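Working notes, structure below.
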Amino acid sequence: MKKIILSIILAVSANAFSYDFENLSLSDIKAAPVTAPVPAGYQQDDEQISADLSLRVPFAAVKKLFVSISNGDGRISLIDPAAPIIYSDGQTLTVRNLKLNINGIMSEPVLSLKPFMEGKNNLAVKIEKVKFHVLMLPDKSRTAAKPQFAIEDIMEQVMSQVIDEVNKTLDEKFKKDGLPFKAKDIVSMKYYKNEWILRASVSGKFVNNYIPASLLAQPYLSGFSFDNSAFYIKVKSGR
């Protein structure tokens, strides 16, 4: 009976991970069947669940987040609201269809990205290629003072802007949905200019909003991958 009850809790909670980014439906983010592997030599409290969850996040769901961002102060907007913003060839991701206002410079970047895991809870995104189509330059006085714009400096401003907007949008969404945490409680992002890498430390503790910590021990992000339509996130628990 105890095993049946715990199985029901996990099945229901797996569906609860389908977080709604501005009218995102439950069908947008899907949780794969839950398994409970027991590594050799692993010791765990008999009252705790050991889980292995696989979450699918479609690129369309990420676009909905950026649609929410574009409704803000106008620093980030979509060029074509009907077109995707993420494309994949299976090896790298291409991000386009975004218009950015960077201190008065209007540009349309095209980024080639390589995401990878650096360790438990740690995700990194390497910028492999970048192109900027500049639509509007600053006024003449600013141009005269700084005629050259180093691509590294522009990318630093772009990533800082994206991080700020994502955090703000998540905070507003969590508050609207009555969830007891802030964006910084879930993910901490920092861009490393000299390495062209965005690093994100993701906390698995958000899982405990659906499954009590007394039942599910130490949830953490264990894997990340993608195909031509979605991201796949692995969440495990225990040591």
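Suppose R0 equals 35 Å. What FRET efficiency, 1/(1 + (r/R0)^6) with r the Cβ-Cβ distance, do D164 and S214 give to the nearest 0.05?
Numbers: r = 36 Å, r/R0 = 1.02.
So the FRET efficiency works out to roughly 0.45.
For the pair K175/A150, report the inter-label distance in nm, with labels modelled 7 Å from Cα in the Cβ direction.
3.6 nm
May I ask you to list the residues of segment 104-120 whose amide nitrogen lies under 19 Å from a point 7 Å from Cα along the Cα→beta-carbon direction of V134?
Answer for segment 104-120: 104-111.
If I take R0 = 25 Å and measure r between the Cβ atoms of E108 and K234 in this structure, what FRET efficiency does the formula 1/(1 + (r/R0)^6) give, to the nearest 0.05?
Once the sixth-power term is evaluated, E becomes 0.15.
Enter the Cα centre distance for the pair segment 79-98 and segment 162-239, rounded to the nearest angstrom.
First find each Cα centre; the distance between them is then 22 Å.
Under a plain spin-label model, where a point goes 7 Å from the Cα along Cα-to-Cβ, how far apart in nm are K182 and N122?
Taking the simple label geometry, K182 and N122 are separated by 2.4 nm.
Computed from the coordinates by the stated procedures, all read-outs in this text should not be read as laboratory data. Just so you know, these numbers come straight off a predicted model, no measurement behind them. Here Cβ is always computed from backbone atoms with ideal geometry, including for glycine, and neighbour counts include all displayed protein chains.
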